[in-house]
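Down below is the structure, laid out as structure tokens.
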Amino acid sequence: MSQVIAKQSKPLPDAGLDKGVEGLTPEKIAKTLQAMLKAEGGARLAAYVNTCAHCGLCAQACHFCLSHDMDPAYSPAGKVKNTIAQVVKKKGKVDAGFIREAARIAYTECNLCKRCAMYCPFGVDVAYLMLVMRRMCHKLGVTPQYIQDTAHSHSVTANQMWVKQDEWVDTLFWQEEEAREEFEGLRIPLEKEGAQIMYSVIGPEPKFRAQLIYQAAALFHAAGLDWTMPATPGWDNSDMAMYTGDNEIMGRIKRAHYETAMRLRVQKIVMGECGHAFRSVHDMGNRWLGYKSSPVQVVHALEFYWELLRDGKLKLAKKYEKPVTLHDPCNVVRGRGLHEMARDVVRASCQTFIEMTPNREHNYCCAAGGGVINCGPPHKPTRVAGNRVKAEQLFRAKADGAQVVIAPCHNCHGGLEDIIHSYGLNLELKFLGDILYECMEKP
Amino acid sequence: MKSPGDWEAGKRQIADLSLWKETFSYMEEPYAAPDGETLAAVVQTGEMEFSVCVNGQPWEAVFDKAWYPRFTPDGRLTALVSQEQQWTLAVDGVAWESGFDFAWNTQFAANGQGLAVFAQEGGEYKMALDGNGWEEGFSDMGDGALAPDGSACAAVVQVTSFSEGDIFTFKKGCYTVAVNGTAWEQAFVNCWTPVFSQDGKSVATQVRVNLYDYTVAVDGKPWDATFPCVWEPLFVPGSTSVVAPVKTPKGWTLARDGKPCWSSFFVQLLRQRFAPDNKTVAAVCAPKYGRWTVAIDGNPWKSTFDEAVWDVVFSPNSKRVAATAKDNGKWTVVCDGKAWDEKFDMVFAPVFSPDSGRVAARAIVNGKQALFVDGKMVAQDFSRAFDPVFGPQSDRLLIKGIKDEANRLVYSREVLVL
């Protein structure tokens, strides 16, 4: 882990990164990073950094590296070498230019998808290492502008989209009113203490994709479930602070989420189709707070749909006709193993299912996850160019007959939308909830 | 809480909910008054016309929308209502004269007197106390609080506007707390969970002074010390002194006025509560990773639970503590460190008897609600129940619940002799 690998690409402008490094001095950098290495850089960091044997197996696992003709600068080991390994080796004595570049790599060229960890013979978790690098950048105030703004929104509103409290409630009223025109007596129950389920969503749903709340309400209504949604902050399960490295805000918003559910005395949280939120609720935010698991059972939408169909609570009137393929979101597949449940639901609801290859836990990331899409327009070219292999994968599925890609994750949707348009794939993109809503028996 | 007047043993039917369902085309889940004499639910009374049904009779006033029906601690019935696109609070069927573009988040004073709501008017945010909105509005509003005697209200407010994406102005500090509509002079990066002192004259809040340093501000002035994180502050009753959990290099501990006041440190520390004698403090803590319990004056119970501890309740004599805890997927009640044998799918906050000798709790088991006293079931099979209330002599328990009786859904009030 000694030499820096030369980069093939030019840094893109980003106000958060560019202005962030302006005030940095070598002394400030060293002091901040040494303090962090002492306080948070434990055995795990040392073991991972020192264990890498540079075997290169991780390179073939990374969509960025595969999409850049195996340029070693994009390999997971190369990214480690160019970022956190240098910090460890130099005991934090790095300059502002290094931090600018390390931030760019850690925030925009790694999706924290953990595919490489699966292929590493030693199980080195590069996602963890990139998160440590991001945490250091956060501590230095060098974070991409757009995702930092999202973290600020989390800190103020406990949601990622600056959705104000009245806007949230009003959106639920609006969706309930619309849905009542289709489903007599449908209700989106607010603040129903003692309900069995709290349904939680991510910020973009009330902001841009309110129809997903409508569709979820239709499923709950048809299945006759005892559910509620909060009228207070704590409704958003998402977490970009987790990805900026602001662990304190990550813990704070996870507290808000769990404690909203506990205040309402629900037995479980069912969450919409979001991958990173599941990681935050079930893996990272909980651990920062001291919970081994989450204090309230958390069920991802994929598992929820599967249970509804298994228990006969949701009945389908028809099958979706267009041939579909399925994108496996990293956080709920590699992170939770929900891939077979997803396939069961797809097969139950769609006439023709065409696997994309590779699939299940070997699937390629969408290149939006890990907060990369939240770094905003300045970095869109990076993630689109860095996921040519995804475009090729989708193209093969299309060649096999797929017309529709099902992506049960918000960030995957955003990322795949860009891949599909940028590479001219002409595929439709849907949530699994879109398919179920279309095919369900409507009471 | 208003003391339930009728303590004569026996059961009395208050409402036939099956009849309500036959009468109204739409009905939401009902809520019971503290004394159990009244049951209320939002109902639809006509096309796009809603009201609140009280013991079978809807309020005379009807609205375009009604939601969040809740009783005050002294037994008045409130609901958030809208009429002709104006939102307000209705109390016992009478809407406040003032209306807003939106109103939500009803706040109840501990003594039952004051009522406040969050309100938005013309894109500006404010609180309205007993119908009177703050004169000045703010561009956004966060957590709010109402003084225990209902005399004042406060909320986190945004005092400097910035565009979405302007991370640089944000970092300068754009938020503070407004008390009765007047913002503190000093602004912070963030403020959370303001809380009033017992006399309603002081307000404390969590603040983030930059992106990394947290502390508590009291009446606008931050503590001298900062920490990597803090949680909700709480005034020491009868004083302007404030305690809050703070994170230190050794772990979480309780700080008073900026200085650690406990010698013990935890993986996590939350939700501190003072005993009625104002001397003892109890809080939820994790003495080690993934194990949860209650710490009293810094000393954790020996028994720990693997998923969560939530409610922490002191007995009236300040000598006992009851908590709710989740272990291995099931909730239970823990009294003085000893868990009940009974396990539940969900449990509600435990209630002590006035003599501090008994503990009651409402729980959910297999989809039905039941009531337990000292771990023994005393009533069951409710489709919906409400928190139990002990009689003044501690020998009786008021049970409020809805049951299926002879194919009728019936709400009854029952006084059980223990």
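The values are calculated or read from the model by the stated rules, or taken from the named source; none is laboratory data. Quantities reported herein were computed from a predicted structural model and do not represent experimental measurements. Heads up, the Cβs are rebuilt from the backbone with ideal geometry, glycines too, and the neighbour counts pull from every protein chain shown.
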Within the range A:220-259, residues being surrounded by fewer than 24 Cβ atoms within 10 Å (Cβ to Cβ), under 22 Å from the mean Cα position of the chain (by Cα) and either modelled with pLDDT under 95 or away from chain B (no Cβ under 12 Å) (or both) number 0
Any residue in the range B:154-172 that is more than 14 Å from chain A (Cβ to nearest Cβ) and at negative phi? yes
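Could you tell me whether any residue of the range A:295-311 is assigned to a helix (DSSP H, G or I), away from every other protein chain (no Cβ under 14 Å) and over 17 Å from residue A:439 (Cα atoms)?
Checked against the condition, which is being assigned to a helix (DSSP H, G or I), away from every other protein chain (no Cβ under 14 Å) and over 17 Å from residue A:439 (Cα atoms), the range A:295-311 yields at least one hit.
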If you go through the range A:128-152 one residue at a time, how many are buried (at least 22 other Cβ atoms within 10 Å of the Cβ), farther than 16 Å from residue A:99 by Cα and in contact (Cβ under 8 Å) with a residue 40 or more places away in the chain? 5
Being within 14 Å of another protein chain (Cβ to nearest Cβ) and within 21 Å of the chain's Cα centre (by Cα) narrows B:361, B:370, B:322 down to just B:361
Note on the range A:355-375: residues of a type outside the set (Phe, Trp, Tyr), surrounded by 19 or more Cβ atoms within 10 Å (Cβ to Cβ) and not in a helix (DSSP H, G or I) are A:356, A:363, A:365, A:366, A:367, A:368, A:369, A:370, A:371, A:372
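Report, by residue number, each residue of the range B:175-189 that is touching a helix residue (DSSP H, G or I) at 6+ places or on another chain (Cβ under 9 Å) and either modelled with pLDDT under 95 or buried (at least 23 other Cβ atoms within 10 Å of the Cβ) (or both).
Here is the first cut: in the range B:175-189, the ones touching a helix residue (DSSP H, G or I) at 6+ places or on another chain (Cβ under 9 Å) are B:175, B:187, B:189.
Once the filter is applied, which keeps residues that are touching a helix residue (DSSP H, G or I) at 6+ places or on another chain (Cβ under 9 Å) and either modelled with pLDDT under 95 or buried (at least 23 other Cβ atoms within 10 Å of the Cβ) (or both), the range B:175-189 yields only B:175.
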Residue B:88: in contact with a Cys (Cβ under 9 Å, 6 or more places away or on another chain), among the polar types (S, T, N, Q), within 14 Å of chain A (Cβ to nearest Cβ) and in a strand (DSSP E or B), yes or no? no
Can you name the number of the only condition in (1) at positive phi; (2) at pLDDT 95 or above that residue B:80 fails? (1)
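For residue B:17, indicate whether it is among the aliphatic types (A, V, I, L, M), buried (at least 20 other Cβ atoms within 10 Å of the Cβ) and under 23 Å from residue B:398 (Cα atoms). Break it down into steps so the answer makes sense when it comes.
Details: among the aliphatic types (A, V, I, L, M): yes; buried (at least 20 other Cβ atoms within 10 Å of the Cβ): yes; under 23 Å from residue B:398 (Cα atoms): yes.
When the stated conditions are applied, residue B:17 passes them.
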Restricting to the range A:180-219, and then to whatever is within 14 Å of chain B (Cβ to nearest Cβ), in contact (Cβ under 8 Å) with a residue 12 or more places away in the chain and in a helix (DSSP H, G or I), can you tell me which residue is surrounded by the most Cβ atoms within 10 Å (Cβ to Cβ)? A:204
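Does residue B:270 meet the test of being over 16 Å from residue A:289 (Cα atoms) and hydrophobic (A, V, I, L, M, F, W, C)?
The answer is no for residue B:270.
Select from the range B:165-204 the residues that are over 17 Å from residue B:235 (Cα atoms), of a type in the set (Ser, Thr, Tyr) and in contact with a strand residue (DSSP E or B) (Cβ under 8 Å, 6 or more places away or on another chain) and list them in ascending order. Before you say what the answer is, go through the steps one by one.
The initial filter retains those residues of the range B:165-204 that are over 17 Å from residue B:235 (Cα atoms), namely B:165-176, B:178, B:180-190.
Cutting the leftovers down to of a type in the set (Ser, Thr, Tyr) gives us B:169, B:175-176, B:182.
Residues satisfying the conditions are B:175, B:176.
Confirm whether residue A:162 is within 26 Å of residue B:211 (Cα to Cα), surrounded by fewer than 22 Cβ atoms within 10 Å (Cβ to Cβ) and either facing chain B (nearest Cβ under 8 Å) or without any contact (Cβ under 8 Å) to a residue 40 or more places away in the chain (or both).
On the way: within 26 Å of residue B:211 (Cα to Cα): yes; surrounded by fewer than 22 Cβ atoms within 10 Å (Cβ to Cβ): yes; either facing chain B (nearest Cβ under 8 Å) or without any contact (Cβ under 8 Å) to a residue 40 or more places away in the chain (or both): yes.
Yes, satisfied.
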Among B:298, B:290, which is of a type in the set (Gly, Ala, Ser), surrounded by fewer than 22 Cβ atoms within 10 Å (Cβ to Cβ) and within 19 Å of residue B:244 (Cα to Cα)? B:298
